[in-house]
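Undergrad: Got a structure here, written out as structure tokens. Questions coming.
The values are calculated or read from the model by the stated rules, or taken from the named source; none is laboratory data. Source: prediction; values computed, not measured. Because the Cβ atoms are built from the backbone with ideal geometry, glycine has one as well, and the counts that use them run over all protein chains shown. Ligands, DNA and RNA are excluded from the accessible area calculation, which covers all protein heavy atoms including side chains. Shrake-Rupley method; radii C 1.70, N 1.55, O 1.52, S 1.80 Å.
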Amino acid sequence: MGPLFRLDKIPCYLAFFSAAMMVWSHWTLPPFHSEPIDLSHEQRPVVNASGPPLEKGERASSIFLTPELDDLIRSWENSTLSDENAKSAIWGIVQSKSFVDHKPSHGIVFMKTHKTASSTITSILHSIATSHNLVAPVTKKTAPFDPRGAKGRKELLGLLTTIPGIQSAPYDIWCNHVKFHESLLTRAVPSSYGKLFSIVRDPGTRLRSACAYYHCCPAETEEEWAEFVLSDHGKAGSWNKGFCEFDQSSGEIYGPSLTKETQAAVQSRANRGELLLLVMERMSESMLVLWDFYKLHPLDVTFISQKVRTKNLNVEEEKSNRTKLAETLVREMNSYDSALHKFANTLLTKKVEALMPNKAIRDRAMKEVELLNDLLHHICQPNLYGVTSDLNFWCKEKTFDNVSWNDYHLRRVNSQKHTAAVGHRQNDRGRMQRMRQYSLR
């Protein structure tokens, strides 16, 4: 009998070993993406967000994107993704049952504040409501609701909703202008579990934007506004009225009584995790903490806005010295809003670093927010060839302002028989097909 191991038979041994490994992997390893990926927040990929620094050239795992979106965004980033494949992939996700069933972890209450990108946040929430078949109130009213009195509470709790047949609270989402009252959390959206969120902005730039929009003071140009603020008339504060009222954001969040006590109470609420404060100048980070606060799908925190950029804003070097002086003076004249903005920035930094301690992963997640928005901007262009009517509707939901969205859904709801409510809620998967029949005129 010859030796068990022969040098001249090495090629045969290698071939046999290779074949054996292929058979083993076939029976023991799961096929790659052989089944639809569950995109629910319970199934988020586990990522070591506080792991060691990445080596040069090493690919960082995404803590923000699903595996499917991660591959899609990297293809988009590398310019290897065609328009057709991008549209097909996005539509495949948003019409899937796993996406529709990906509800927020709890009810959403948003305290709108003027000239702080709150319209963009509202469009995000409206899209969440219709994408996931949630109960959201629809109304023609544009003035703030006031539930502090019995009549105001009755009005707020008795609105039509996005679900035909449901004509009153409890709602799943609230994102209309409202004067804060605890009934908003306990009766309007009891599933909020006492939690809510809002967004703030540097009062130095917010007041200039308000002046230009509401014509409270001269603000056709940056220079004109700066000269007015620095004049005796501007320093006297005569423009402190209407939508240019000083400390307006604090008043909308704290309530009508601006005192050190109410300020401390709001900060205490935020420190307990019951109030989330976003910062307009830091939209990428704000979207990440909003995504985490409500355990949303990554596509839920995308937006299509011509007014607000995803990238964090840092344009101080572009401003004239007179503009910087004017903004400094306005911050001093708005002491509560300035303190609120500073507090919100500090808290946002802590939340983002706690969510993603690893800087490389944190930077990549912020970049992913920006890339995902860029991709959505591209495929949702009105004239882009091949955009299906279903995907077009989903895109339009992200572009509606508050008035347009409420007007459309009021007409849609009023055109249906309210007795279909239960069927609509159970048939989540067919929501887009049901909505297509209604004109977007």
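Undergrad: Whether any residue in region 231-238 is open to solvent by less than 20 Å² (accessible area, probe 1.4 Å), closer than 23 Å to A117 by Cβ and touching a residue at least 12 places away in the same chain (Cβ under 8 Å) is what I want to check.
TA: Within region 231-238, none of the residues are open to solvent by less than 20 Å² (accessible area, probe 1.4 Å), closer than 23 Å to A117 by Cβ and touching a residue at least 12 places away in the same chain (Cβ under 8 Å).
Undergrad: Taking the conditions exactly as written (outside any loop (DSSP other than H, G, I, E, B), open to solvent by 40 Å² or more (accessible area, probe 1.4 Å) and of a type in the set (S, T, Y)), does T186 satisfy them or not?
TA: Taking the combined requirement at face value, the residue satisfies it.
Undergrad: Evaluate the following for L159: is it within 18 Å of V403 (Cβ to Cβ) and part of a loop (DSSP other than H, G, I, E, B)?
TA: So L159 fits the description; yes.
Undergrad: Please find, within region 234-250, the residue that is nearest to the chain's Cα centre (by Cα) out of those that are in a helix (DSSP H, G or I) and modelled with pLDDT of 90 or more.
TA: S249
Undergrad: Looking at region 110-136, I want the residues that are more than 19 Å from R208 (Cα to Cα) and in a helix (DSSP H, G or I) and have a partner that is open to solvent by 10 Å² or more (accessible area, probe 1.4 Å) and of a type in the set (F, W, Y) with Cβ atoms under 7 Å, at least 6 apart or on another chain. Which pairs are those?
TA: From residues that are more than 19 Å from R208 (Cα to Cα) and in a helix (DSSP H, G or I), the pairs are S123/F400; H126/F400.
Undergrad: OK, next. Could you please let me know if S183 is at negative phi, over 22 Å from the mean Cα position of the chain (by Cα) and of a type in the set (G, A, S)?
TA: yes
Undergrad: Being touching a helix residue (DSSP H, G or I) at 6+ places or on another chain (Cβ under 7 Å), within 29 Å of R272 (Cα to Cα), at pLDDT 70 or above and open to solvent by 60 Å² or more (accessible area, probe 1.4 Å) is the filter here; which residues of region 304-350 pass it?
TA: The one that is touching a helix residue (DSSP H, G or I) at 6+ places or on another chain (Cβ under 7 Å), within 29 Å of R272 (Cα to Cα), at pLDDT 70 or above and open to solvent by 60 Å² or more (accessible area, probe 1.4 Å): R331.
Undergrad: Turning to a different aspect of this structure: Has region 81-97 got at least one residue that is more than 27 Å from I304 (Cα to Cα), open to solvent by 20 Å² or more (accessible area, probe 1.4 Å) and at pLDDT below 90?
TA: Within region 81-97 (the criterion being more than 27 Å from I304 (Cα to Cα), open to solvent by 20 Å² or more (accessible area, probe 1.4 Å) and at pLDDT below 90), the answer is no, since none of the residues qualifies.
Undergrad: Out of A210, A219, I need the residue that is part of a loop (DSSP other than H, G, I, E, B), in contact with a Cys (Cβ under 9 Å, 6 or more places away or on another chain) and either open to solvent by less than 10 Å² (accessible area, probe 1.4 Å) or of a type in the set (G, A, S) (or both). Which one?
TA: Just one listed residue meets the conditions, A219.
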